[in-house]
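No value in this document is a laboratory result; all are computed from the given coordinates. Owing to the predicted nature of the structure, the values given are computational and were not obtained by experimental measurement. Because the Cβ atoms are built from the backbone with ideal geometry, glycine has one as well, and the counts that use them run over all protein chains shown.
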Amino acid sequence: MIKKLKEYKDGEHFSGLLLISNSAKCVSNNGKSYYNLELRDSSATIVGKKWDILPEDEKLLVTGNIVDIQGEINLYRGSLQLKVIIVSEPNEPVDPSMFAKQSPVPEEELKKDFRYYYDQIKDPDLIAVVSHIIKKRKDLYFTAPGGISIHHDYTNGLLHHTVSMLHHAEYFANFYPDIDKELLFAGVILHDIDKTQEIEGSLTYKRTLQGNLLGHLSMSAAEVQEAKAILGIDSEKLILLQHMILSHHGLPEYGSPVLPMTKEAILLHYIDNIDCDMNLACKVIDNIEEGEFSEKQFALDGRQLYKPHRK
């Protein structure tokens, strides 16, 4: 049986196929070029370094390539890294799907939970708009990633993120009896709907032109506006729904043109943050040794995360 990347420990020799999910040619303090790599299989992602660059490395160490690597696993600042010694083309054809990261929750389970919350929306205006948009984006919505590299960056990632937030929404709404649960569920379902248009790719992801120029908040809010026009519906609840989408990042510096100004919008913003931050924290801590700190996490305000010793 082929050993998975996640199974390797500090000091072990690595031999196997990995996907290059990101590649950058850098220059060290002494002026020597090296490659800084993000490498992965279906089980884990690891930082790789190729210090001695050969002429043939230039065409091999490219984002999206699957390569055969010989190297050494080393612990560096609490995280495992792979020192790449030899890189070459695979000897045989490779099935790219072997390197696709999957949601930790099976797709069918996610779809079942999604349907449960979808069916809770009884308001005729809300369900008409939600149904219209989901049908329009259905194929991508259930398979798309939820991010490019930071959180939920895997197949079904958007669905996993949405369903996790729906669970949080149901729980927290119970503490505030006058929360409009149907509006909250609708906001969760549609808040990232146009990540399906913002992100493209299968094994590695990047932003589309409209993703870079418009962003998923404005595009998702525009989806609601378009649905309102097509369906001939105009109600305050749909304005509230658009407000939730536009404000869910919380602050202008994080991409929201308006601040959350309703209870549902405030709650949506915080449960989005909870799920994003915890998904990233789980990924980072899973890849460090017990008793060690991670490298600083830019997406978590520069914090280092610690992995406690298990009893």
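Could you work out how far the C-alpha centroid of the range 132-157 sits from that of the range 62-124, in angstrom?
Distance between centres, Cα-based: 15 Å.
Considering only SER43, SER21, SER164, give the residue with the highest GNM mean-square fluctuation for the chain, with springs between Cα atoms whenever their separation is below 10 Å.
SER43
Within the range 8-56, report the GluC sites (Glu not before Pro) that DSSP leaves as loop and that have at most 14 other Cβ atoms within 10 Å.
On the way: sites: GLU12, GLU38, GLU56; in loops: GLU12, GLU56.
Those that pass, being in a loop and sparsely packed, are GLU12, GLU56.
Give me the distance between the Cα centres of the range 1-57 and the range 198-252, rounded to whole Å.
37 Å
Can you sort HIS13, HIS152 so the residue with the fewest Cβ neighbours within 10 Å comes first? Intermediate values should be presented prior to the final figure.
Numbers: HIS13 10, HIS152 26.
Least to most surrounded, the residues fall as HIS13, HIS152.
Helix 157-173 versus the longest principal axis of the chain: what angle, 0 to 90°, nearest 10, using Cα atoms?
With both axes taken from Cα atoms, the answer is about 50 degrees.
Based on Cβ point charges of +1 for Lys and Arg and -1 for Asp and Glu, what charge dipole magnitude is obtained for the chain about its Cα centre, in debye rounded to the nearest 20?
Details: 34 positive and 46 negative charges, 85 e Å.
For this selection, approximately 400 debye.
Checking the table LYS136/LYS237; LYS3/LYS311; LYS181/LYS296; LYS4/LYS311; LYS6/LYS32; LYS3/LYS283 against a 29 Å threshold on Cα-Cα, which pairs fail?
Over 29 Å Cα-Cα: LYS181/LYS296; LYS6/LYS32.
Quick one: helix 236-247 against the long Cα principal axis of the chain, what's the angle to the nearest 10°, folded into 0 to 90?
For helix 236-247, the angle is close to 20 degrees.
If one puts a single equal scatterer on every Cα of the chain and applies the Debye formula without solvent, what log₁₀ I(q)/I(0) results at q = 0.10 Å⁻¹?
Per q value, in the given order, log10 I(q)/I(0) is -0.64.
Please label the shape of the range 100-283 as rounded, prolate or oblate, based on the square roots a ≥ b ≥ c of the eigenvalues of the alpha-carbon gyration tensor (a/c under 1.5 means rounded; beyond that, a/b larger than b/c means prolate, else oblate). Show your work: numbers first, answer last.
Numbers: a/c = 1.35, a/b = 1.24, b/c = 1.09.
Rounded shape, in that the Cα axes give a/c under 1.5.
Based only on other Cβ atoms within 10 Å, what is the fewest-to-most ordering of ILE239, ILE288?
On the way: ILE239 13, ILE288 20.
So the ranking, lowest neighbour count to highest, is ILE239, ILE288.
How do ARG40, ARG77, ARG303 rank when sorted from fewest to most other Cβ atoms within 10 Å of their own Cβ?
Values: ARG40 22, ARG77 12, ARG303 15.
So the residues, fewest neighbours to most, are ARG77, ARG303, ARG40.
Calculate the spin-label point distance for HIS167 paired with GLU109, positioning each point 7 Å from the Cα along the beta-carbon direction, and give it in nanometres.
0.8 nm
What is the angle, in °, between the Cα long axis of helix 124-141 and the longest principal axis of the Cα atoms in the chain? Nearest 10 is fine, range 0 to 90.
The angle comes out near 20 degrees.
From the square roots a ≥ b ≥ c of the eigenvalues of the alpha-carbon gyration tensor of the range 58-154, which class results: rounded (a/c under 1.5), prolate (a/b over b/c), or oblate?
Working: a/c = 3.44, a/b = 2.51, b/c = 1.37.
Taking the square roots of the gyration eigenvalues as a ≥ b ≥ c, the range 58-154 is prolate.
Given axes a ≥ b ≥ c from the Cα gyration tensor, I'd like to know whether the range 76-121 is rounded (a/c under 1.5), prolate (a/b larger than b/c) or oblate.
Numbers: a/c = 6.72, a/b = 2.05, b/c = 3.28.
Oblate shape, in that a/c is at least 1.5 and b/c is the bigger or equal ratio.
Add +1 for every Lys or Arg and -1 for every Asp or Glu among the other residues with Cβ under 10 Å from the Cβ of HIS161, and state the total.
Numbers: positive: LYS195; negative: ASP192, ASP272, ASP275.
After counting each charged neighbour, the total is -2.
Of the beta bridges DSSP finds with both residues in the chain, what % are antiparallel, to the nearest 5? Walk me through the intermediate numbers first.
Details: 35 of 39 bridges.
Percentage antiparallel, nearest 5: 90.
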